[in-house]
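Structure first, then comments.
The values are calculated or read from the model by the stated rules, or taken from the named source; none is laboratory data. None of the values given here were measured: they were computed from a predicted structure. Virtual Cβ from ideal backbone geometry, glycine too; neighbours counted across all protein chains shown. Each accessible area value is taken on the protein alone, full model and side chains, heavy atoms only, with ligands, DNA and RNA left out. Shrake-Rupley method; radii C 1.70, N 1.55, O 1.52, S 1.80 Å.
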Amino acid sequence: MTTTMHGPRRRALLAAGAGLVATAPAVRAQGFPERPITLLVPFATGGYNDRLARAMAPFLQKHIGQPVTVMNRPGGATVLGNTFFLQQPDDGYMMMVHSAAPFIPVSIITRNARYRVEDFFMINLPSRDATVLACAADKPIRTVEEVVASLRRDPRSLSVGIQPASADLVNFALFCQAHGIERSRVRVVTYDGGGPARNAIAGGVVDVGLVGAEGFLPIKERIRPLLIFSDEKSTDYPDAPILTEHARVAGFAPQFVEGSQRGFVVASRFVQAQPERYRILLQAVERATKDPDCIATLGGQQLATTWYGPEASNRAYRATSALMERYAELLRGN
Amino acid sequence: MIDTAAFAGAVAMLAGSLDAWVWVVPGLLIGLVFGALPGISVSMAMALVLPATLYMEFLPAIIFLTSVYTGAGFGGSIPAVLINIPGTSSAVATTFDGYPMARQGRHNEALGAALFASCIGVLISYLVLLLLVQPMAEVVLRIGPYEMAAIGIWGMVLLGSIGGASVAKGLFAAGLGILFGTVGMNTAGYMRGDMGIPWLLDGIPTIPAMVGLLAASQLFALVNAKFIVEAESERRISLRRILAGGAMVLRSPLTLLRGSAIGVFVGAVPGIGSSIANLLSYGEAKRSAADPSAFGKGDVRGVIAAESANSSSEGGSMATMLALGIPGGGATAILLAAFAMHNVIGGPRFMEQSRDVVYAIILSNFAQAAILVVVGTIFVYGASTIVRLPLRYLIPSVLVVSTMGAFAIEGSIAGPITLFVFAVLGWLLSRYGFPVAAVVVGLLLGRLIETEMLRAWQLAGGDPWYVLNYPWAVAIVALMLVSLALSVRRDIRRRRAVRDAASPG
């Protein structure tokens, strides 16, 4: 992808250098965009992507010089939204705000969606969520070691809440494998969404559960994070042990997949067909993301504003997709 | 349990701010209009006005949104009563008795009863919220799959064969509804019955299917009629009779209180909400009545039960949202989004630090319920003029509006197609004497029961006796069996009495 992108991107850069001054009206003078831009969210209102899109919209508007509206098209674990998005003309008037990884590859693997991973191009994925193993704060379980000991002694001793076909499930499978836990005998309770899974964990309906860590922040006090599937300490849960540490102590090679990586997505087709317009969108997203007002506002809503850029974001997206493909059988429920 | 200092702060906040009040009436009206349009749900109405709240202060914004919530909660009952199409999925049970009342020319009373039951339901639910927000949220969070499945089965048993003369046909219709409810991906990630159509991945779109079934079964039956209300003298719109309907609510305090209790509790459970609460409440009212056969033929108690439950769900779902930051359904998810837009994070910390704001929201909802009595009466007065509209104009208009609503809610042609397919099915079913309402009940409850039973099975690891660890679920099922046995015995006795009377000697 990066090699094929070189030509158009260089041309776009030249254009930017030659004609564009770094202000929004100048960007608009080129003729694009001349009408409002839509942010398509393939989830219902109220979730992380929806909140991110709505919070970013005014700043994007400021840097692109056109109104930015949000449109929700939930359903089918993003298949409906993704399909709809790819049906749009390549004119740059629609971007997606999406948990692109792992939702796009997983929807292809589990829902037989007709698009490919390569059809989508990441502009920036600021939000990186990690799987957390957690239990309700009033459960007697104190550490991840207790969970391991209990499940090794008797895989049926604890019930585990999890979303099917998710990064969390892959992480749980890898975790069981590393500890020699017979996963097929564990009482796994499935939830169709992060929200219901979190409610079940926080309410103690299941003994432990694995789910994205960021969504737990508003009810942080009600849960006990036991393990974070990451190689660096979480700033949100500074006391929670991380997988690499846990694996070192337990004596196995740490293996995990990233949780949801969320942010701005366009169609690869559009990037190739309209390099100038892509350049304008990229610039607007970058400026909005780095805007101090935006960072302050989104920070207050616990939304991420890290700028990784298209290269790093696409790399992360492809890496997660490849990993998901490797665990395709597991995700399909076999 | 009430923090008096914060309470005083809330009163001062509301008394000192005109901003907090100017949005109530517009909010209620927007809610009424969108709620009354078939296909536009409460959460859609709130999503539509959400962008406007970005430019308001935090408290007026939330008050505006909860006004829309309150208005839409009642708005759905207007088309339910007048044309047998629930404006929202939470007004399904309102059609069961509301529409028969309208056809008898008692539309004024039915709408009045619905309005008063809604307002009092909202009042009661916020009163419970004021006193018990924290403990209620704690209890609700602990409700697991066993309890939810028991609630679902309870509803199914109460309403399974609703509206039919023949039990066999009723059960067939309910079974059909449950089958429709299982289309799509189940909670364990398996696809069933999607026939390769991407629009069915999440199951059959419930609201277009429901509107199609109910509209078709009734509107086609009206083909030979000239007006919804046959008798010309009954087509009047009378304020006195609307208020008389309201008075009927006060004369059935037990139905009202039971409906509100069911609404508060069931509405508070995340993922269940008002569409289940109004069915349960209706079923309970019918079961416990001395003359259950009167229901479905225009009994005002049916309207009261359904409406008190669906509007009191509002307070219930606010409990988990305020105390835990967990949205129970679409409407509270939008409220949380509005919180976020104002840089307020809902949840325990918000409850502790901004208790006065929470009280102000609750107090404002008391006021909204009271204002809704007036605004709602005026609205109902205007809306009931459609009984004067000849059916040859009304039926096509309703079909057009329903089709547009179906398109709006799905955002694609999948909505109108579903509406059309289920309209044909609804017509066929009612043509051959199958109760369409039972299909709708199956569609709404089937999915819930299946999901929760599956989770219960997973939780038990396949051990059927595991249910004994859940005394509440066992208690619900036991109560259900006892009440069922009692009503079967009553039915047998009554039938024997009828037979004895018919063949003396």
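Here is a yes/no grid of residues against (1) at pLDDT below 85; (2) over 26 Å from the mean Cα position of the chain (by Cα); (3) of a type in the set (V, I, T):
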{"position": "B:L443", "(1), (2), (3)": "no, no, no"}
{"position": "B:G446", "(1), (2), (3)": "no, no, no"}
{"position": "B:W457", "(1), (2), (3)": "no, yes, no"}
{"position": "B:D463", "(1), (2), (3)": "no, yes, no"}
{"position": "B:Y466", "(1), (2), (3)": "no, yes, no"}
{"position": "B:A475", "(1), (2), (3)": "no, no, no"}
{"position": "B:L481", "(1), (2), (3)": "no, no, no"}
{"position": "B:L486", "(1), (2), (3)": "yes, yes, no"}
{"position": "B:I492", "(1), (2), (3)": "yes, yes, yes"}
Worksheet, complete the sentence: Contact list, first residue from the stretch A:184-199 and part of a helix (DSSP H, G or I), second anywhere and hydroxyl-bearing (S, T, Y), beta-carbon distance below 6 Å, six or more apart or interchain, is A:A197/A:Y191
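Mind counting the residues in the stretch A:232-247 that are in a loop (DSSP other than H, G, I, E, B) and without any contact (Cβ under 8 Å) to a residue 40 or more places away in the chain? Spell out the reasoning first.
Residues of the stretch A:232-247 that are in a loop (DSSP other than H, G, I, E, B), as a first pass: A:232-241.
Pick out the ones that are also without any contact (Cβ under 8 Å) to a residue 40 or more places away in the chain and you get A:232-233, A:235-236, A:238-239.
Number of matching residues: 6.
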Response to the item:
When (1) facing another protein chain (nearest Cβ under 10 Å); (2) of a type in the set (S, T, N, Q); (3) within 21 Å of B:L14 (Cα to Cα) are applied to B:N365, the one that fails is (1)
Discussion item. Any residue that is more than 21 Å from B:I85 (Cβ to Cβ) and surrounded by fewer than 16 Cβ atoms within 10 Å (Cβ to Cβ) - is there at least one of those in the stretch B:200-207?
Written reply: no
Worksheet item: Within the stretch B:416-465, can you find the residues that are within 12 Å of another protein chain (Cβ to nearest Cβ) and among the small types (G, A, S)?
Response: B:A456, B:A460, B:G461, B:G462
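Select from the stretch B:28-58 the residues that are in a loop (DSSP other than H, G, I, E, B) and on the phi < 0 side of the Ramachandran plot and write down the one among them that is most open to solvent (accessible area, probe 1.4 Å).
B:Y55
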Worksheet item: Among (1) over 21 Å from A:G209 (Cα atoms); (2) without any contact (Cβ under 8 Å) to a residue 60 or more places away in the chain; (3) crowded, with 18+ Cβ neighbours inside 10 Å, where does B:P464 come up short?
Response: (3)
Worksheet item: What pairs can you find where one residue is in the stretch B:57-68 and under 15 Å from B:A333 (Cα atoms), the other is in a helix (DSSP H, G or I) and open to solvent by 10 Å² or more (accessible area, probe 1.4 Å), and their Cβ atoms are less than 6 Å apart, with a gap of 6+ or different chains?
Response: B:V68/B:I30; B:V68/B:V49
Item to complete: Collect the residues in the stretch B:395-415 that are in a helix (DSSP H, G or I), within 14 Å of chain A (Cβ to nearest Cβ) and modelled with pLDDT of 85 or more, keeping them in residue-number order.
Response: B:F407, B:A414, B:G415
Item to complete: Sort out which residues of the stretch A:122-157 are within 14 Å of another protein chain (Cβ to nearest Cβ), open to solvent by 20 Å² or more (accessible area, probe 1.4 Å) and in contact with a strand residue (DSSP E or B) (Cβ under 8 Å, 6 or more places away or on another chain), and write them in order of number.
Response: A:A137, A:K139, A:R156
Discussion item. Can you report the number of residues in the stretch A:103-121 which are open to solvent by 10 Å² or more (accessible area, probe 1.4 Å) and under 20 Å from A:P310 (Cβ atoms)?
Written reply: 6
Worksheet item: Among the numbered criteria (1) open to solvent by less than 10 Å² (accessible area, probe 1.4 Å); (2) within 14 Å of chain B (Cβ to nearest Cβ); (3) modelled with pLDDT under 95, which single criterion is violated by A:V208?
Response: (3)
Worksheet item: A:V70 versus (1) crowded, with 20+ Cβ neighbours inside 10 Å; (2) more than 16 Å from the chain's Cα centre (by Cα); (3) more than 9 Å from every other protein chain (Cβ to nearest Cβ); (4) among the β-branched types (V, I, T): which is the lone unmet condition?
Response: (3)
Worksheet item: Only one residue in B:I78, B:I85, B:I62 is in a loop (DSSP other than H, G, I, E, B), out of contact with any Lys or Arg (no Cβ under 9 Å at 6 or more places or on another chain) and aliphatic (A, V, I, L, M). Which one?
Response: B:I85
Item to complete: Sort out which residues of the stretch A:88-101 are within 14 Å of another protein chain (Cβ to nearest Cβ) and over 24 Å from A:A273 (Cα atoms), and write them in order of number.
Response: none
Item to complete: Say whether the condition of being open to solvent by 20 Å² or more (accessible area, probe 1.4 Å) and within 14 Å of another protein chain (Cβ to nearest Cβ) is met by at least one residue in the stretch B:292-304.
Response: no
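Starting from residues that are more than 8 Å from chain B (Cβ to nearest Cβ) and farther than 19 Å from A:I242 by Cα, keep the ones in the stretch A:163-184 and report whichever is nearest to the chain's Cα centre (by Cα).
Among those residues, the one meeting the criterion is A:S166.
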Worksheet item: In the stretch A:45-67, what residues are facing chain B (nearest Cβ under 9 Å), over 18 Å from A:P292 (Cα atoms) and in contact with a helix residue (DSSP H, G or I) (Cβ under 7 Å, 6 or more places away or on another chain)?
Response: A:T45, A:G46, A:D50, A:R51
Worksheet, complete the sentence: Log entry, pairs with first residue in the stretch B:100-113 being surrounded by fewer than 24 Cβ atoms within 10 Å (Cβ to Cβ), second being in a helix (DSSP H, G or I), beta carbons closer than 6 Å, six or more apart or on different chains, reads B:G105/B:E234
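Could you count how many residues in the stretch A:73-97 are out of contact with any helix residue (DSSP H, G or I) (no Cβ under 8 Å at 6 or more places or on another chain) and among the polar types (S, T, N, Q)?
Of the residues in the stretch A:73-97, the ones out of contact with any helix residue (DSSP H, G or I) (no Cβ under 8 Å at 6 or more places or on another chain) are A:81, A:84-85, A:87-89, A:93.
Pick out the ones that are also among the polar types (S, T, N, Q) and you get A:87-88.
Looking only at that region, the number is 2.
Among the aromatic types (F, W, Y), out of contact with any His (no Cβ under 8 Å at 6 or more places or on another chain) and not assigned by TED's automatic domain parsing to the domain that holds A:R35: is that true of A:F270 in this structure? Give the steps one after another, and end with the answer.
Numbers: among the aromatic types (F, W, Y): yes; out of contact with any His (no Cβ under 8 Å at 6 or more places or on another chain): yes; not assigned by TED's automatic domain parsing to the domain that holds A:R35: no.
No: the conditions fail for A:F270.
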